[in-house]
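Participant: Can you keep this structure in mind? I'll have questions shortly.
The values are calculated or read from the model by the stated rules, or taken from the named source; none is laboratory data. Note that the structure is predicted; figures quoted are calculated from it, not measured. Heads up, the Cβs are rebuilt from the backbone with ideal geometry, glycines too, and the neighbour counts pull from every protein chain shown. We work out accessible area using only protein heavy atoms, side chains counted, and drop any ligands, DNA or RNA first. Shrake-Rupley method; radii C 1.70, N 1.55, O 1.52, S 1.80 Å.
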Amino acid sequence: MTSTSTSTRTSASATPLLRVRDLDVTYRGSAGSVPAVRGVSFDVAPGEILGLVGESGSGKSSVCAALTGLLPAGARRRAAGLEFEGADLVAMRERELRRVRGRRLAFVPQQPMTSLAPTTPVVRQLRWYLGDRLDDVEVRETLLGIGLGPVLDRPHDLPGGFSGGQLQRVVIAIAALAHEPALLLADEPTTTLDATVQAQVLRLLLTLRDKLGLAMVYVSHDLAVVSTICDRVGVMYGGRLVETAPVREIFAAPRHPYTRALIAAMPATTPADRPLRAVEGSPDGANLLPGCPFAPRCPDVLDVCHERMPDPIRHGPNEVRCHCVGRGDGS
Ligand SMILES: Nc1ncnc2c1ncn2[C@@H]1O[C@H](COP(=O)(O)OP(=O)(O)O)[C@@H](O)[C@H]1O
Ligand SMILES: [Mg+2]
């Protein structure tokens with residue numbers, strides 16, 4: 001197995017592995033067009049885990065679909081830049097994109113276990129997926145090394161005989177190990193799991209990052225989960241990325257009023273399984289507003305917030321899009 005240790009985490013200032021600039025995703029349907037992602041820009045450095053967090057409907061899955069080229073028919077993706085390992089994902093032909101996807105850019109959807117064949121033993125599927133790169137001894141060593149050794153002791157068991165959490169970890173292991181991805185996109189992979197199992201999945205993801213030097217975009221609606229695994233966090237609301245910062249800064253010095261509201265809504269002692277309490281008001285329709293999508297719920301709102309979305313500004317290590325930040329009113 002080609003494991004390279006990455007105990008040294010690459011800083012965000014290194015050449016990015018993934019570079020996203022002004023990404024828009026718009027769905028078109030009978031009810032009109034839905035701007036799901038609006039002007040989203042971020043980088044992911046090699047070996048870095050970026051968390052994308054936000055309430056349901058904020059556009060997180062649409063960002064993932066735009067990156068993997070898996071948007072449904074009728075959806076439109078536009079970007080000033082969408083580069084992965086220096087290659088332009090927008091300009092790529094489908095065949096080329098398919099080669100990148102799954103090999104260099106692995107995707108783990110919300111319920112990954114549904115991608116296993118139900119009538120073939122799990123161990124046989126593992127050997128089949130990993131067999132191109134690893135012989136049987138290496139498969140055993142690798143799975144033992146990431147805590148999945150017990151699966152090998154059940155060579156005849158079908159997926160139905162394993163728990164959801166075990167299958168989730170098997171599929172994540174396949175996504176990370178079958179080829180040599182540089183980036184793993186995980187869209188709420190632990191949302192359906194209970195706390196203990198969720199912790200096992202998160203531990204596996206961290207092990208894979210440390211053993212393989214994988215970078216990740218980890219999507220969750222739960223800031224508590226994100227805080228346990230990510231190096232940096234991007235906060236989405238109404239299709240906009242409103243704040244990006246190192247995970248420590250997000251908690252120590254959140255700049256955007258929405259980030260503050262998210263943190264304030266977390267219980268003082270935050271078990272990882274506790275869902276985020278809703279911030280007062282509703283995000284419905286936020287992605288249609290011309291100004292800041294959080295303006296109707298924002299305690300610091302100014303007139304200009306309803307009219308115009310501010311450009312991102314750097315505030316310490318945070319990048320934030322808020323008219324209030326920098327005015328000396330609590331920012
Ligand atoms: N296939 C689709 N057709 C039309 N609208 C969609 C589609 N998928 C998502 N949306 C809309 O796009 C917005 C963002 O959705 P999504 O990216 O799934 O957010 P999240 O993953 O943060 O919950 C929502 O308003 C949602 O209703
Ligand atoms: Mg989603």
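Participant: Rounded to the nearest percent, how much of the accessible area of the chain (1.4 Å probe, protein heavy atoms only) is carbon and sulfur? Write down the numbers at each step before the final one.
Facilitator: Numbers: 7550 of 15030 Å².
Carbon and sulfur together cover 50 percent of it.
Participant: Under a Cβ-only charge scheme (Lys and Arg +1, Asp and Glu -1), can you give me the dipole magnitude of the chain about the Cα centre, in debye to the nearest 20?
Facilitator: On the way: 37 positive and 35 negative charges, 92 e Å.
My answer is approximately 440 debye.
Participant: Then there's this: Provide the percentage of antiparallel DSSP beta bridges, counting only those with both residues in the chain; round to the nearest 5.
Facilitator: On the way: 30 of 49 bridges.
Beta bridges within the chain, antiparallel portion: roughly 60 percent.
Participant: Also, I was wondering about something else. Between residue 248 and residue 133, what's the calculated FRET efficiency when r is the beta-carbon distance and R0 is 45 Å? Round to 0.05. Each step should come with its number before you reach the end.
Facilitator: On the way: r = 36 Å, r/R0 = 0.80.
So the FRET efficiency works out to roughly 0.80.
Participant: Could you provide, to the nearest whole Å², the per residue accessible area of the chain with probe 1.4 Å?
Facilitator: In whole numbers, the chain has 45 Å² accessible per residue.
Participant: Scan around residue 75 for amide H atoms under 5 Å from its own, H built in the peptide plane at 1.01 Å from N, and keep only partners 5 or more places away or cross-chain.
Facilitator: 28
Participant: Using only alpha carbon positions, build the gyration tensor of the chain, then give the equivalent ellipsoid semi-axes as the square roots of 5 times its eigenvalues, largest first, whole angstrom. Working shown, then result.
Facilitator: Details: eigenvalues 248, 90, 72 Å².
Its equivalent ellipsoid spans semi-axes of 35, 21, 19 Å.
Participant: Extending each Cα 7 Å along its Cβ direction at residue 154 and residue 302, get the distance between those two points in nm, one decimal.
Facilitator: It is 5.8 nm.
Participant: Any chance you could give the angle, 0 to 90 degrees and rounded to 10, that helix 195-212 forms with the longest Cα principal axis of the chain?
Facilitator: Result, in degrees: 80.
Participant: Taking the Cα centre of segment 118-178 as origin, sum charge times position over the Cβ atoms of Lys and Arg (+1) and Asp and Glu (-1), and report the length of that vector in debye to the nearest 20. Write down the numbers at each step before the final one.
Facilitator: Numbers: 6 positive and 7 negative charges, 37 e Å.
That gives segment 118-178 a dipole magnitude of about 180 debye.
Participant: When only C-alpha pairs under 8 Å and at least 6 residues apart count, what is the relative contact order of the chain, in percent? Before the final figure, lay out the partial values.
Facilitator: Details: 623 pairs, mean separation 69.0, N = 331.
The value is 21 percent.
Participant: Compute the acute angle (0 to 90°) between the alpha-carbon long axis of helix 164-177 and the principal axis of greatest extent of the alpha-carbon atoms of the chain; round to the nearest 10°.
Facilitator: Between the helix axis and the principal axis of the chain, the angle is about 90 degrees.
Participant: Another question, if that's okay. Hey, if you put +1 on the Cβ of every Lys and Arg and -1 on every Asp and Glu Cβ in the chain, which of 324, 17, 89 ends up farthest toward the positive end of that dipole?
Facilitator: 89
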